[in-house]
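One structure is given here, and the rest of the page talks about it.
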Amino acid sequence: MDYLASPYLSILKNRLDLKRIPFSDRGSRLLVFLANQHLSIRLAERWFKREGQLAAYRQRPPIVDNFQFIDADGSPIPFEITTYPHCLVFHTIQGMFTMIFLDTETIMVTLPKGKCGVTFTANLDKATPDRRGGVLQLTGDIRRNFAYTTNAKILFHCVEPDTNRGHRISINMEADDDSALVLNITPRLGFNRYVPAPQTMIEIAAKKWHEWFAAAPAVSPQYRAQYYFAWWVMGAGLISTRFYTTREAMTPSKVHYVGVWQWDAFFHAIAYRYVNTRLAQDQLRILLDHQREDGMIPDAVHDEGTVTHLTFPVDADVTKPPLIAWAAWKLFEHDGDREFLDEIFEPIVRWNEWWFNKNDLNKNGLCEYLHPFSSGLDDSPLWDEGVPVESPDLNTYLCLQQSYLAKIANEIGDKLAAKYWTKRSKAMAQRMLRLMWDEEAGIFWALKDGKPVKVRTPFNLFPLLTGQLPERISQRLVSHLTDPLQFWPRFPVPTVALDDPKYNPTQMWRGPTWVNVNYLLIEGLKNSGFTNIAHQLRRLTLELISGQNDIYEYYHPETGDNPPKAASVFGWSSAVYIDLAIQASLEGADDARDE
């Protein structure tokens, strides 16, 4: 097959704008951006030991900046660019330059025949040129090494100190048909300075991405463009193993959130189950690799460590919602791998018990969030009166977790455990009805010091997910959900009711639509017998995510726009789109085959 003619690569032609959507590759920490005819390479790495802040990488200068193509006289060469998942093509009057990934740490730039070159700034403090290029090093607490190597004849080569301990490199070459420049950026001691045949490597890059897309189930034509872009996000967003990152794992956004966050990983796994069973399972294993002795699973895992405790905005342990059993069962439904269920059963039991041992402060059988971030709803008005808060979403998750522990136990042959967890799940649902349900308001309130937190969010409706509520109560919850003045604007579901005084459609969890919330509600509607409404919400969610070139962290519920602070190339939004598009396509099977 001619992989360069792959239909998937054609579908995604020019989808990477290189401004918000960088060029990257599966497992790589390198992100290539474009601004004003200059390229830059950023590192998707946290350097907490050096910078002392978890998110400092967002403001860190690129490790390679102001990268330009130059002619024989050293003057910049203007270019027009065409982007594909596997390569960037730069069209110039000198000919065509192409950029591809050779591996996770190495980029190749192919050169047009004749005299040409490149110039760039490298933000590393030690430089040693040699006959094939040069080596630069970043010294100190964080060490990074950078080698640039060419198999072309070098005509001119200048390395000089630049501002901020960096160096400016200019190299002019005489290239033939197989000439290229290789850039290797690595934390390792050894370098990749081998320059392979460019055309062969371009074909290998195209083949790799073609096979990634071809492994995905086909979907109906109306979904394909955003569907394959979502699969690109799910491929390019993966980072390779390093230190505490014990498995190949998906970041929420390689641009904005570098690391593995617990509940993001559950949604990522749901998408990966369609293409790679081990990859899907490893999104859960990486969390269990770092489970504490007391059963707690970390909030997040980074190369340098885990996040299990924060001192802001309160001083407390921090984790994420207990949905791992729910996610594991979804993987099992697809792959039938009982061994995986057996592997993770006891760790999930210990995780479940941690919640009740450490987070049921008043011993009433309902658990509290002790840190706002443990909810995943960082700035929700649910926490405006402080914590701890007994929230309907948390106790719904625990109810679900126990029902899925029952299913897992039954599947691995432990019938007594299955009965035990079924009983606990049912008791949990009844406890929420008794202690959280407000008959007059028709919703489940979050409780602070035993008193309702009077802000209306979709999380007040989440007990619907259990499928264990009386029909009368489910009907009342759905009436709130589908009310255009509360939770059913053009693009539901806002994270605060439209008519609530605290509704803000552009501020994170205080109003925008988050599609993972929609995904859970779609499932809850189905569990509770509201299939038609579930399908309406699915259709509107697919329409929302399809509405822009990129896929975002959250959306404006009334316009569908991305609020200014919403992260781009976002993982769980992509995963949700993938799963919902597959669901919708399967229900219209005649439309689900690629032409």
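Every read-out reported here was derived from the displayed coordinates using simple, explicitly stated rules and does not represent laboratory data. In this text the structure is predicted, and so the values were computed from the model without any measurement. Cβ: placed from backbone, ideal geometry, glycine included. Neighbour counts: every protein chain shown.
Quick notes
- From least to most packed, judged by other beta carbons within 10 angstrom and beginning with the fewest, Phe120, Phe146 follow the order Phe120, Phe146.
- The range 134-235 - Kirkwood radius from inverse mean 1/r over Cα pairs (Å): 17.3 Å
- Estimated vicinal HN-Hα couplings, Hz - the range 303-313 in sequence order (Karplus 6.51, -1.76, 1.60; Gly, Pro = x): 3, 8, x, 10, 10, 10, 8, 10, 9, 9, x
- Pairs of lysine residues in the range 3-211 that meet both criteria, 8 or more places apart or on different chains and Cα atoms under 21 Å apart, total 5.
- In whole angstrom, the range 170-279 maps to an equivalent ellipsoid with semi-axes of 31, 22, 12, each derived as √(5λ) from the alpha carbon gyration tensor and ordered largest first.
- For the range 524-595 versus the range 148-173, the gap between their alpha-carbon centres in whole angstrom: 47 Å
- Structure-derived Cα Rg over 2.2 N^0.38 Å: which label, when the choices are (i) 1.45; (ii) 0.95; (iii) 1.03: (iii)
- Evaluated at q = 0.12, 0.22 Å⁻¹: base-10 log I(q)/I(0), Debye formula over Cα of the range 237-336: -0.37, -1.15
- Residue pairs, from the table Lys320/Lys358; Lys330/Lys363; Lys363/Lys451; Lys320/Lys419, whose Cα atoms sit over 24 Å apart: Lys330/Lys363; Lys320/Lys419
- Segment Ala35-Lys358, length gained on full extension (0.36 nm per residue, minus Cα span): 111.3 nm
- Taking Thr246, Thr311, Thr106 and counting other C-beta atoms within 10 Å, the order from fewest to most: Thr311, Thr246, Thr106
- Residues Tyr194 and Cys158, FRET efficiency given R0 of 35 Å [Cβ-Cβ distance, rounded to 0.05]: 0.90
- Calculated FRET value between Glu339 and Lys454, using beta carbons and R₀ = 56 Å, to 0.05: 0.70
- Using 0.36 nm per residue and subtracting the Cα-Cα separation, the extra length available between Gln430 and Asp294 on full extension is 46.2 nm.
- Stokes-Einstein diffusion coefficient of the range 412-458, Kirkwood radius over Cα pairs, 37 °C, 0.692 mPa s, in µm²/s: 259 µm²/s
- Shown here for the range 191-247: chymotrypsin sites (Phe, Trp or Tyr not before Pro) in loop regions (DSSP other than H, G, I, E, B) with at most 15 other Cβ atoms within 10 Å, namely Tyr194, Phe243.
- Over the range 17-133: Rg over Rh, Cα atoms, Kirkwood Rh: 0.98
- For Asp483 and Thr277, the FRET efficiency from 1/(1 + (r/R0)^6), where r spans their Cβ atoms and R0 equals 45 Å, is about 0.65.
- Computed about its Cα centre, the charge dipole of the chain is approximately 480 debye, with only Lys, Arg, Asp and Glu carrying charge at their Cβ.
- Estimated 222 nm signal from helices in the chain, with DSSP H stretches of n ≥ 4 weighted -39500 (n - 2.57), rounded to 500: -10500 deg cm²/dmol
- Fewest-first ordering of Ile551, Ile204 by other beta carbons within 10 Å of each residue's beta carbon gives Ile204, Ile551.
- Mean projected area of the Cα convex hull of the range 3-211, taken over all directions, amounts to 11.3 nm².
- In this structure, the amide hydrogen of Asp561, modeled 1.01 Å from its nitrogen in the peptide plane, lies closer than 5 angstrom to those of His556, counting only residues at least 5 positions away or on a different chain.
- Between the C-alpha center of the range 222-294 and that of the range 347-364 there is a gap of 26 Å.
- Base-10 log of normalised Debye intensity for the range 308-347 (one unit scatterer per alpha-carbon) at q = 0.15 Å⁻¹: -0.51
- Counted residue by residue at 0.36 nm each, then reduced by the alpha carbon distance between them, the extension gain from Asp499 to His309 reaches 64.9 nm.
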